[in-house]
Every structure is written in structure tokens, then in C-alpha cells.
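J.: Got a structure here, written out as C-alpha cells. Questions coming.
The values are calculated or read from the model by the stated rules, or taken from the named source; none is laboratory data. Keep in mind that this is a model prediction, so the values were computed, not measured. Here the Cβ positions follow ideal geometry from the backbone for every residue, glycine too, while neighbour counts run over all protein chains shown. The accessibility values were calculated without ligands, DNA or RNA, using every heavy atom of the protein model including side chains. Shrake-Rupley method; radii C 1.70, N 1.55, O 1.52, S 1.80 Å.
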Amino acid sequence: MIRKISFFIGIFLFGILFSQKKEQLQKQNAELKKQIAAINSNLAKTQQQSKLSVAYLNDVQKKIQLREKVYSNTQKEKRLIEDDIYLRQLEINRQNRELAVLRKNYAEVLVKAYKNKGVQNKVTFILSSKNLGEALRRIQYLKDYSDYQDKKAAEISEAARKLLANIEAKQRSVKDKETILTNQQKELQTIAVEKKQKEKLLEDFKKNEAQLTAELRQKQTESKKLEGQIRSIIAEEIRIAKAKEEERKKAEAEKIRQAKIAADREKARIEAENKARMEALALEKKRADEEAKRLKDIADKKAAEEEERSKIAAAADLKKADDAKKAADAERAEARRAAAARDAAIAAANAKAAADKAADARAAEASLAKKNEEQKKAAETRAMTNYGVSSAVGNNFAANRGKMGMPAYGTITHRFGRQPHPVFKNIIEENNGIKIAVAKGTVAKCVAPGTVSRVVVSGDGSKMVFVKHGDYFTIYANLSNAMVSANQQVSAGTSIGAVGADFDGTYTLDFQIWNGTNPVDPLGWVN
């Protein structure tokens, strides 16, 4: 029983994984075929151009690699289908055995039912019961037996349906396998044809090796001259930029000097005005302090007199019963004491008011000092602004490293740095940028905001555009025409010029990025 359950679980899990893996492989193949179609379209566009080009050979080689990947995926899919056919056959065998057992059991049930058929036999079976309870149980038994027959018939029908479904699924898998085998045969034939095409191209390269090698060496010589020209132009641009920066710094320094003089004058005026205010506040504060001290002394004196009179009044109270005169004196003393208490309260209130006034004077002094500093700072800022002093704006080219788009989309035939030629291994190339083979009519786009510093005509008549981005330059060479001019402000995506034809007949953009006088790999900067 455990083995049977394990087998069912295995079949179920394989079915899920089979569907997922098969669907994944089919999606991969669909994407690969799209890429192959795109390459075929690109090859069709360039078929009128020279086929003795690295770009054409690269496309053919890439197409072969993609087809081999498709073939590899179909091999995996075929193995999955074969496993599915094998497991389904095992399941069909098991279901056939189960169906045979179900049919045999059902036949035995039918035979027993046939022997006991007839209403009279059933009635006799029920009436022969000893009591009503047993009769009811026999009626329920007959009903359950009838339901059991129906259930067994349904089980046989369901088993037969599942068996048929599995047989149909197996047949579909067999057809899928046959289709894959047919497609594989076609793929192998196509791969063989394309490999022959690649071999033919390589033969053509070998036949024309002397001519192509001479042209490549000539191109290398021109590239060296171009590199020298680029270095010279960039050095001159840097020299001009430094001179302009020096002039700007001198002008800025003079503006700062004049602004500081004006600011110092304004600050001196503010300082003088605020000094007078401070002196007045200090005098007022001194007077307030003196008045507060005077009033406090008066209040203290009044308080002392009040205390003395209180003592006298207390002594007079002791003798009030004996001496009426003394009682009258005590009353007058009490009146004088009450008057002195009122005078003391008034003096205390005056002292508090004077103290509050002194505190207000101190707060006004602090506020004036703060306002004085703020006014001087604002005066300096105004003077700097009036004399045109401003801070330099930073460049964000380096901050966008890896986020910039390609100047043109196509096949990268030559990468940055020193490396052997893709076909002629005896020739070593040294590139200061990358070369992108594109379709005829492709327009190169600027990769980042900047200023066009120069538009140069090369020795072969093609045009080269320099765009300055702070300390960086982007260079777009081998253009048939330029769509921008010197000193023009450009943004990312601005059309620079149409890509021109190279010596091998392909349309190739030579794209470079320089950090000052040092070239850097563009593939580390563009996305």
C-alpha cells in the first residue's frame, strides 16, 4: 500500500515539474528564436554591404550559438517527454490491472444478484424476518447492496475514463516527441548550413587576407593619427579651459575683494549705528539699576521704620488698660504703622517695576547684539551678490556612471583596450573606445548633458564630434555628417550625427570616453 501511494505521489510531482520545465524550455526557445529572427533581419539589411566584415561574421557566429542553444533545449524537452511517456505507460499498466480487478469483482456481484433476482425472493427475504427490527435491517441491507452495485459500476466507469485520459496524454506526448524530432532534424540541417556559411566567410577572409590585412594596418595607422589628433584637441581644450578658469578665478577674486570692501563699509555703518543704540541702552540700564537700588533702599528704610513702630505699638498695647493717654498714643502709633506699611508696599512695588525695567533693558541689549550680527551678515551677502560673486556648479557626469544609454544600438565589434583581431590573430588592435556596427542611416545620440566643444573633419572626410562634460569628454567618430555645432548645449539623447561607412563596408560608430587626457572603457559607463 505504501509503495502504491509513493508511486502516485511520484507521478503527481513529476507531472507538475514536467509541465513547469517544459513551459520554461518552450519560453526560452521562443525568446531565442526571436533573437535569431532579429539577427536574420540585420543580416538581410547588410547583405548589400560587404560581407567581409567582422560585424557580419559576428552575427553569423552568434546565430549559430543561438541555434545550438535551441537544439540543446529541445534535447532536454525530448528527454522530459520520454520520461513522461515511460511514467504514463507505467500508470496505464497499473490502471489496466486495477480495472481488470474491478471488472472481476463487479462480475461476481452481478452473478450473486442474478441468483437472487426477482421481487418474490426479496419479499420472502424480508417477510421471513423474526421481528420488525430485523425486517427493517433487511430492507436497509437490500438498499445498501443496490447502492454498492451502483458504486462499483461508477468506479469502473471512472477508472476507464482515467485510463483513456492517460492513453490520450501518452499519445499526445508521442506526437510531441515526433514533432520535436522533426524540428531537431531541421535545426541540425540549418546549423550545418550556417556553419558552412561561416566557413565560407572565413575562407573569403583568408582569400582576401593580404588585402584586408593591409587595409587593417592602414586603418590602424589612421587610428594612431586619430588618437594623436584627439589627444592634441583634448590637451588644447584642457589648456583653454584652464586659462578660462584662471581668468574666471581672477575676476571672481576681484569681485570678492570689491564686495568685501563694500561689505566692510556697510558693516562699519551698521556697527556705528548699533553702538550708539547700545550706549543708550547701557545708560538706560544704568539709570534703571540706580533707580531700582534707590527705591529698594527707601523700601528697606520704610520696612525698618515699620518694624520699629510695630515694636512701639506692641509695647503701648501692654499698658493700654492702665493708661488712656498711652492708649491714644497707641492708636496714633497704629495709624502711623499702617501708613508706613502702605508706604513700604508702594516702595516694594516701585522696586519690582524698576527691576523688571532693568531686565527688559538687558533683553533689548541682547536682541540688538543678535540683530547687529544678522544685519552685518546680510550686508555681506548683498554685497557679494551685487558684485556678481557666485559658486561654481558641479558636474554630474561621473555620478551617472553605468546609467547612461548607448550612443547607438548594434553589434559591438571591437572592445576597449589591447586585444587580437577577431579574425586575424596575428594583428593586435588597441582601441581607445568601442566600435558599434549599426544599420545604414543610424544616428548617434549624445549620452549625457554637456557642451559641444568641437566638430572636426578627419583625414578620410568623416566627422568627429567632441562633447565636454566638466572634466570628461565623449567622442563620436566616423560620422557621415554632424547635426550639432561648436559651443552648442546638448542633452542626453540629442542627435549628434549619422553614422558613416567603414572601410569594410559596414556602418560603424567609434565611441570614446576620456577623463582628461586618459581614455576609459565606455562599457563601464553606458548601460
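J.: Of the residues that make up the stretch 63-76, is at least one part of a helix (DSSP H, G or I), among the hydrophobic types (A, V, I, L, M, F, W, C), modelled with pLDDT of 60 or more and more than 29 Å from K175 (Cβ to Cβ)?
T.: yes
J.: Kindly list the number of the only condition in (1) out of contact with any Leu (no Cβ under 8 Å at 6 or more places or on another chain); (2) over 28 Å from A399 (Cα atoms) that fails for S495.
T.: Only one criterion in (1) out of contact with any Leu (no Cβ under 8 Å at 6 or more places or on another chain); (2) over 28 Å from A399 (Cα atoms) is unmet by S495, namely (2).
J.: Take the conditions at pLDDT below 90 and closer than 17 Å to R415 by Cβ and apply them to N527. Does it pass?
T.: yes
Quick grid of which residues meet (1) part of a helix (DSSP H, G or I); (2) within 25 Å of I434 (Cα to Cα); (3) at pLDDT 80 or above:
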position	(1), (2), (3)
R138	yes, no, no
Y141	yes, no, no
A153	yes, no, no
E158	yes, no, yes
K198	yes, yes, no
G228	yes, yes, no
I234	yes, yes, yes
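J.: Here's a check for you: in the stretch 392-442, which residue that is farther than 23 Å from L57 by Cα and aliphatic (A, V, I, L, M) is modelled with the highest pLDDT?
T.: M404
J.: Another question about this same structure. Are there any pairs with C-beta distances below 6 angstrom linking a residue in the stretch 392-415 that is among the aromatic types (F, W, Y) to a residue that is open to solvent by less than 50 Å² (accessible area, probe 1.4 Å) and at pLDDT 85 or above, with the two at least 6 apart or on different chains, and if so which?
T.: So the pair list comes out as F397/A448; F397/H469; F397/G470; F397/Y472.
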